[in-house]
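Take a look at the structure below.
What follows draws every value from the coordinates through simple rules; no lab data is involved. Since we're looking at a predicted model, the values are computed, not measured. For neighbour counting, all protein chains shown are included, and Cβ atoms are generated from backbone atoms with ideal geometry for every residue, glycine included.
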Amino acid sequence: MDELAVAALTVISVLVFVFWYSWMFKKSKDGTAPHPPGPRGLPILGYLPFLHVNLHHQFTELAQKYGPIYKLQLGSKICMVISSPALIKEVVRDQDTTFANRDPPIAAIAATGGLDIFWAPYGPYWRDMRKLFVRQMLSNNNLQASYGLRKEEVAKVLRDVSKNIGKPIEIGEMIFLTELNVILSLLWGGTIDAETRGRLGAEFRYKVSKLVDLLGKPNVSDYFPVLAKFDVQGIEKEMRAVVPGIEEILDSVIDERMKMIAADGGEPSAEREKDLLGILLELKEQEVGEGSSFGLTQIKAILMDIVVGGTDTTATIVEWVMAELLQNPDIMKKVQEELTDVIGENNIAEEFHITKLHYLDAVVKETFRLHPPLPLLVPRFPSQSCVVGGYMIPKHSQVFLNMWSISMDPQVWENPSEFRPDRFLKHTENFDYMGNNVQYLPFGSGRRVCPGIPLGEKMVMYLLATLLHSFKWQLPEGETVDLLEKFGIVMRKKTPLFAIPYQRF
Ligand code: HEM
């Protein structure tokens, strides 16, 4: 190397050092917080090639190495994983407004255009739609008034199971179809007819599960927007193939409801005015929120949200409860003794019994702890840069709240991997579903907390009380319960649970 080159190199090195030093100095003078630690990935790809199928396990292992908040570079996106109650509180309570935004994946845009409540950005459209949904469908008054519809659907379950005594039943599928009918009936006061139900039945469930799976699958297009048009994994294409099958049922419901409005002379009749679908149809083509036009696309997005959000989750948790009870016969026995005491041998379960079923409630809560249906909740998307746990979270990073790791943390729960409902009998007042206790958030917390809690909680308890009070359950000959999970945005059992009913009384 000649002298000139050495001199140039020296000058460049000095300049680089001076810039670096003044940048660092400015940072600490400004008090800018450092970024969290995290594993190094590959250039450009970041940590993306190292992600495992069971993200919740992998995120928990990484937390053991990097602490309760760490950073992952995934392609062009910065992701943060948070897994301690104290830091989760900073996100969902102390800085809830900043973290109330969502970053819809391409799969969600393909499914609903991001116009549903679940994926809509935090803002006036989301607020209006969520308010309408909660007020028109899930207010205390409306839920009380619609008890007859739920009772009818649960009676159908009783009849179906009674007809199949001694034969294996797929628990998740049965619950899914029941919850689907309950939700549709709450939307517009009617149910889908038996023919459509029979025709679409299991296939509809398959499509909803597929849609949910596609939403939870890491997609290269989300991490490299320049590649989005190539849809390398075919996720967008698969989603576009699945959606019409789901829309078919929504279309038939919308058609029926529009026929009713037409029969009422274009004006909804007084008693129909109250259902959510009627109101959404009235809003059609009007302006809601700040200047967004509202049409059939938005209506279908919201219906899809409610149908998909409510069915798969409810079916999943009921299936997990039944699996845990079949695995733990002593606990099953205690549940059934309580049911006999509260309901009586000659009666069937009713919704008013639910508040007296403390042990069953503890069993459900313990199942939500061990098998949270949304183990990482739904990633948050801060609308501005902020500091959590002393670390910088840049604006528009993807923030995962790892509730599964908290469920498994021995510092939070004694013997966390054991199924022990009794722990909820001691602390019931602290562990409701409303998101007030950050150790336990099966329905999320803050502004984005699940709005379906009143219905979800009622249906899970009512269905379980009915199934467990009226029938004894056994596994098919020679089978054992497996409690393996299949990770996704909704974490289901890896293999569906089949159980055989026998009359109890
Ligand atoms: C066992 C049942 C259920 C579970 C475990 C569950 C869980 C959740 C969770 C964890 C979230 C995200 C919360 C967050 O980001 O903090 C959520 C959101 C949501 N859930 Fe549920 N859910 C259930 C039932 C239902 C039902 C029955 C409905 C509707 C009838 C529903 C509709 C929704 C909607 C619309 C959202 C999006 C809320 C928003 O972003 O503002 N869910 N749910």
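Would you mind getting me the FRET efficiency between Lys472 and Leu227? Use the beta-carbon distance for r and R0 = 60 Å, nearest 0.05.
On the way: r = 54 Å, r/R0 = 0.90.
Here the calculated transfer efficiency is 0.65.
Using the average count of surrounding beta-carbon atoms within 10 Å as a protection proxy, the listed peptides 304-310, 227-233, 469-475 rank, highest first, as 304-310, 469-475, 227-233.
3J(HN,Hα) along segment 396-406: 6, 7, 9, 10, 9, 9, 8, 6, 5, 5, 5 Hz, from the Karplus curve 6.51 cos²θ - 1.76 cosθ + 1.60 with θ = phi - 60°, whole Hz, x for Gly and Pro.
When Rg and the Kirkwood radius Rh are both evaluated on Cα atoms of segment 32-503, their ratio Rg/Rh stands at 0.96.
Near the amide H of Phe471, within less than 5 Å, lie the amide hydrogens of Arg504, all on another chain or at least 5 residues away, with H placed in the peptide plane.
Inter-label distance, Leu158 to Ala263: 2.9 nm, where each label sits 7 Å from its Cα along the C-beta direction. Taking every Cα-Cα distance in segment 50-142 and sorting them into 5 Å bins from zero, the calculated P(r) comes out as 2, 11, 13, 17, 19, 17, 11, 6, 3, 1 percent. Under a 5 Å amide H cut-off, with hydrogens placed 1.01 Å from N, Val388 pairs with Ile393 among residues at least 5 apart or on other chains.
Evaluated on segment 99-256, the Kirkwood hydrodynamic radius is 18.0 Å, with distances taken between all distinct Cα atoms.
Listed cross-link partners Lys89/Lys229; Lys259/Lys486; Lys217/Lys333; Lys77/Lys284; Lys156/Lys493; Lys167/Lys237 are compared with a 31 Å cut-off, the Cα-Cα value being larger for Lys89/Lys229; Lys259/Lys486; Lys217/Lys333; Lys77/Lys284; Lys167/Lys237. In a fully extended conformation the segment linking Leu296 and Phe50 would gain 84.4 nm over its present Cα-Cα distance, using 0.36 nm per residue.
Size descriptors for segment 356-456: radius of gyration and Dmax over Cα atoms are 15.0, 47 Å. Each label was represented as a point 7 Å from its Cα along the Cα-to-Cβ direction; for Arg504 and Lys151 these points are 2.0 nm apart.
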